[in-house]
Amino acid sequence: MSDYQSKESEPSVRVTFPAQAGELQRVREVVRRTCVECGCSAALANDLVIAVGEACQNVVRHAYRDVDDGEATLEIFCRDGAVEFRLHDNAPPMDNEKLKPVWPKKVQAGGLGVCLIHDIMDEVEHLPLPSGHGNLLRMVKSFKRDPE
Amino acid sequence: MTHEIIEKQGSSVVVLRGDVDLSSSPEARKLLLSCIDGSDRVLVDLSGVTYIDSSGIASLVEALQVSKKNGKQFALAAASEPTRRVLELARLDKVFKMHATVEEGINAEG
């Protein structure tokens, strides 16, 4: 499922998965393992699993809402003091307004996923693909390595 | 996700274990609403939850709202670190009545 790459310009990990709820646990395991390998603390890796998990969930629930056989690809780039995630799908372009973090004014069931992503990540960018088909969500988190 | 329901001293204790995510949150929601329907006091034991996403949190929020609407008691107990962290990030850690242990939740007044 995952494909480790060695070249600097290539992602550390690339995972392509069916956009189905039952696939998300495996993707989260890859995210956790890769973040730790990139030098994130266990606590930060947990937070990044939450954020990327929400992003993947949004692809399944919203982007591919009317599609049964959609696929998504997650790329993880280990940078110097940062980890970057790029989540691609081939779904119809998402409405950017729906990807803005708006904390609910009162307690409600729903609407938290995008807020969690933005709270955890330092950079979040939604880029509709130039072909007019598909989405790319780019998320970056910077971190300081623990002194050895 | 797996679950167990234990009746103890007038409370229905719903024990959730494993990942509560998009694939299992519909089951969690159904389970919680069913317990609220059949019991005046529902306590959710979250000690075995290894991951919970926003859909799982939404199930807990809905259960809380239905409980309040029907004059029932609903509380969380022994929240695992991953659960506690998500509730904190979602700014919901003060919204739920939370007990450190299941025993504390069972013995709590009102």
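Please compute the average number of Cβ atoms from other chains found within 10 Å of each residue's Cβ in peptide B:45-57.
Across B:45-57, the average partner-chain Cβ count within 10 Å equals 4.
For region A:32-148, give the magnitude of the charge dipole about the Cα centre (Cβ charges: +1 Lys/Arg, -1 Asp/Glu; no others), in debye to the nearest 20.
Approximately 380 debye in magnitude.
Across peptide B:58-65, how many C-beta atoms of other chains are within 10 Å of each residue C-beta, on average?
Other-chain Cβ atoms within 10 Å of each residue's Cβ, averaged: 3.
Compute the signed sum of charges (Lys and Arg +1, Asp and Glu -1) over the other residues within less than 10 Å, Cβ to Cβ, of B:Leu87.
Net charge around B:Leu87: +2.
Helix B:54-69 versus the longest principal axis of chain B: what is the Cα-based angle in degrees, 0 to 90, to the nearest 10?
Computed tilt is about 20 degrees.
Using Cα atoms only, what is the angle between the long axis of helix B:25-38 and the major principal axis of chain B, expressed in degrees (0 to 90) to the nearest 10?
10 degrees
Count the net charge of all other residues whose Cβ sits under 14 Å from the Cβ of A:Val31, scoring Lys and Arg as +1 and Asp and Glu as -1.
-3
Pull the list of chain A cysteines that no other Cys approaches to under 4.7 Å, Cβ to Cβ.
That list is A:Cys56, A:Cys115.
Which whole-angstrom value gives the distance between the alpha carbon centres of region B:51-110 and region B:22-45?
11 Å
Expressed as a whole percent, how much of the Cα-Cα distance distribution for the protein assembly as shown exceeds 23 Å?
So the pairs more than 23 Å apart make up 53 percent of the total in the protein assembly as shown.
Say the cut-off is 24 Å between C-alpha atoms; which of A:Lys106/B:Lys68; A:Lys100/B:Lys72; B:Lys68/B:Lys94; A:Lys98/B:Lys69; B:Lys8/B:Lys30 go over it?
Long pairs (Cα-Cα over 24 Å): A:Lys100/B:Lys72; A:Lys98/B:Lys69.
Order of A:Lys106, B:Lys94 from fewest to most other C-beta atoms within 10 Å?
Least crowded to most crowded, the residues run A:Lys106, B:Lys94.
Based on the alpha-carbon gyration tensor of chain A and its eigenvalue square roots a ≥ b ≥ c, which shape applies: rounded if a/c is under 1.5, prolate if not and a/b is larger than b/c, or oblate?
oblate
Nothing charged except the Cβ atoms of Lys and Arg (+1) and of Asp and Glu (-1): what's the magnitude of the dipole of the protein assembly as shown about its Cα centre? Round to the nearest 20 debye.
740 debye
Kindly identify chain B as rounded, prolate or oblate by the Cα gyration tensor criterion: order the square roots of the eigenvalues as a ≥ b ≥ c, call it rounded if a/c is under 1.5, otherwise compare a/b with b/c, prolate if a/b is larger, else oblate.
rounded
Nearest 500 deg cm²/dmol is fine: what mean residue ellipticity at 222 nm does the protein assembly as shown get from its DSSP H runs of n ≥ 4 alone, each adding -39,500 (n - 2.57), divided by its residue count?
The helix-only estimate for the protein assembly as shown comes to -10000 deg cm²/dmol at 222 nm.
Read the figures in this text as sums done on the coordinates, not as results from a lab. The model shown is predicted, which means the values in this text are computed figures rather than measured ones. We place every Cβ from the backbone using ideal geometry, glycine too, and count neighbours over all the protein chains shown.
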